[in-house]
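The structure under discussion appears below in the form of structure tokens.
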Amino acid sequence: MGLITGLLTLPVAPVRGVVWVAEKLQDAAERELHDPQVLRAQLAVLNLELEAGDITIEEFEREEERLLDRLHAVRAGRVASDRR
């Protein structure tokens, strides 16, 4: 980037910084959302909540299905990307 371009785009620098931070946060959230270890940990916590009586069996089954679907999707996506 040249000096003139740098000076002309200086007023939008804060916006670029905010966009960069937002992109980094989104990347981190997506990695966590699709991390099998995180999903297994969430399943373990869910089991503990059921055993402690903090949630009903219906809530447990609904959340367990959601987490298992995500885990299967992650595994299927990884297998599909490995085949390329």
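The values are calculated or read from the model by the stated rules, or taken from the named source; none is laboratory data. Here the structure is a predicted model, which is why all the values come from computation and not from measurement. As a convention, Cβ positions derive from the backbone with ideal geometry for all residues, glycine included, and neighbour counts pool all protein chains shown. Please note that ligands, DNA and RNA were not included when accessible areas were found on the heavy atoms of the full protein model with its side chains. Shrake-Rupley method; radii C 1.70, N 1.55, O 1.52, S 1.80 Å.
Which is farthest toward the positive dipole end of the chain among Leu48, Leu10, Ala22, measuring Cα position about the Cα centre, with Cβ charges +1 (Lys, Arg) and -1 (Asp, Glu)?
Result: Leu10, furthest along the dipole toward the positive end.
Leaving out ligands and nucleic acids, note down the accessible area per residue over the chain with a 1.4 angstrom probe, in whole Å².
In whole numbers, the chain has 80 Å² accessible per residue.
Under the Karplus relation 6.51 cos²θ - 1.76 cosθ + 1.60, θ = phi - 60°, what is the ordered set of whole-Hz ³J(HN,Hα) values for region 56-71, x standing for Gly and Pro?
Values, residue by residue: 7, 5, 5, 4, 4, 5, 5, 5, 4, 4, 4, 5, 5, 4, 5, 5 Hz.
Magnitude of the Cβ-charge dipole of the chain, K/R +1 and D/E -1, about the Cα centre, nearest 20 debye?
It works out to roughly 840 debye.
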